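Asker: Below is the structure I would like to discuss, written out as C-alpha cells.
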Amino acid sequence: MLLKVEHLRVAFHLEGRLSVPVRDVSFEIPENGRVALVGESGCGKSLSALSIGGLVDRADISGRITGSPRISYIFQNPMQSLNPVMRAGAQIEEAVRAGERAEVAALLESVGLPRETARKYPCQLSGGQQQRVMIAMALAAAPDLLVADEPTTALDVTTQKEVLDLVDRIADERGMAVLFITHNLGLVAEHSKLMNVMYAGEIVERGPVAEVLAHPRHPYTRGLIAAVPRLDAPKDAPLADIPGTVPAPWDWPVGCAFHPRCAMADETCTSPSFKTCRAMFAVSGAGFNL
C-alpha cells in the first residue's frame, strides 16, 4: 500500500468558533493506483488531499497517515497557481535543481509542449497549455503520488480529454499513483478504479468505481448519480438535483449530516446516536451507464 489515511480530522478556530471541514476521512491508495475523491464543493475533498501533503497551515490535524510517498499536486486553476510575472520555464526550474534547463525542456516535451514554451508567460498560454505546464512542474519532483485536484476546471471538453489522457499516460509510464479529486462522475468512471464519496467532511461510501456506479448504496451517492445528465433523456425532461446545499463546517447537523437533504430520512437519522445509514442496506435498482 502506497498511502493509508485513517480517521483524518482537520479543524480550524475561526473568529471564536470551531470549524471542522474534515471530520473523519479514511482511504487507501495502492501502488500505481487510480483513486478518486468525489463530492460537491465544500465536502472537504481538497482540504483532505492538501493535509496528507502537509500543505495546511494554522489547523489542528489529527488521525494517522501511513506511508511517505513523494507527492506532487496539479491544482484546479492553473492561472491562479502559476506566477503571472515568471516565465513558464523558470517556474518549472523551481521544482527541479537550479539551472537544469535541459531537464525543463524534456519535461515540457513530455507533456506535449514545445521547448519554446519555457520562455512564455502564463498569460501567453491557453488554459490547456497552462495546465500542461502545471503537470510538468508536478512531474519535476519525480513523485510517487500525483494529486490531481479538479485538473480540468474551466477547460473545454476536448482539452479536458487531452489533459486527462496525458495524466493517465504519464502515470502508466512512470508507475505513479493518482489521487483524482472531482465532482464529475463521468471522468471518474473513465480514469479511476477506486472511488470514495465524501459528504460533510466524511467518507460516506467507497468501493470499486464500476460497483459503486452500478449499485450505489448511500442516498447521497444515488443523488449524485441521478443528477448526471443523460444523453438518452427526453429533451424536455427536468434535470435531477439534490435539494439544498452542503452545510457549513461549523454547523454540521446532528446525526447524519445528509438528513436535511435526504428524501429517505426518518427520526433515526436525526438522532445524536446515529451510526449507520439504514438506507444503505435497502435494495437499489439505480444504475449508471456511461
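No lab work stands behind these numbers, since they all come straight from the coordinates. Quantities reported herein were computed from a predicted structural model and do not represent experimental measurements. As a convention, Cβ positions derive from the backbone with ideal geometry for all residues, glycine included, and neighbour counts pool all protein chains shown.
Asker: Under unit Cβ charges (Lys, Arg +1; Asp, Glu -1), what dipole magnitude, rounded to 20 debye, does the chain have relative to its Cα centre?
Answerer: About 160 debye.
Asker: Now a separate question. With the contact rule set at Cα under 8 Å and sequence spacing of 6 or more, what percent relative contact order holds for region 215-281?
Answerer: Contact order relative to length: 34 percent.
Asker: Kindly put ARG34, ARG174 in sequence by how many other C-beta atoms sit within 10 Å of each C-beta, fewest to most.
Answerer: The fewest-first ordering by Cβ neighbours comes to ARG174, ARG34.
Asker: Also: What angle do you read, to the nearest 10 degrees and between 0 and 90, between the alpha-carbon axis of helix 157-174 and the longest principal axis of the chain?
Answerer: 80
Asker: Between GLU116 and GLU31, how high is the FRET efficiency from 1/(1 + (r/R0)^6) when r is the Cβ-Cβ distance and R₀ = 35 Å? Nearest 0.05.
Answerer: Efficiency computed from Cβ-Cβ geometry: 0.45.
Asker: Tell me whether region 215-281 comes out rounded, prolate or oblate; compute the Cα gyration tensor, take square roots of the eigenvalues as a ≥ b ≥ c, and use a/c under 1.5 as the rounded threshold.
Answerer: It comes out prolate by the Cα gyration axes.
Asker: Around ALA279, with a cut-off of 9 angstrom between Cβ atoms, what is the net charge of the other residues, counting Lys and Arg +1 and Asp and Glu -1?
Answerer: +3
Asker: Find how much the distance from HIS7 to VAL85 grows on full extension, using 0.36 nm per residue of separation minus their present alpha carbon separation; answer in nm with one decimal.
Answerer: 24.0 nm
Asker: What is the Cα centroid distance between region 100-165 and region 27-79, reported in whole angstrom?
Answerer: 20
Asker: If you average the sequence gap of Cα pairs under 8 Å that are 6 or more apart and divide by the length of the chain, what percent do you get for the contact order?
Answerer: Relative contact order comes out at 22 percent.
Asker: Once both axes come from the Cα atoms, what is the angle between helix 101-110 and the longest principal axis of the chain, in degrees from 0 to 90, rounded to 10?
Answerer: 50
Asker: Nearest 10 degrees, 0 to 90: what angle lies between the long axis of helix 127-139 and the longest principal axis of the chain (Cα atoms)?
Answerer: Tilt of helix 127-139: around 80 degrees.
Asker: If the rule is a partner Cβ under 4.7 Å, which cysteines in the chain fail it?
Answerer: Within the chain, the cysteines lacking a partner Cβ under 4.7 Å are CYS43, CYS123, CYS262, CYS277.
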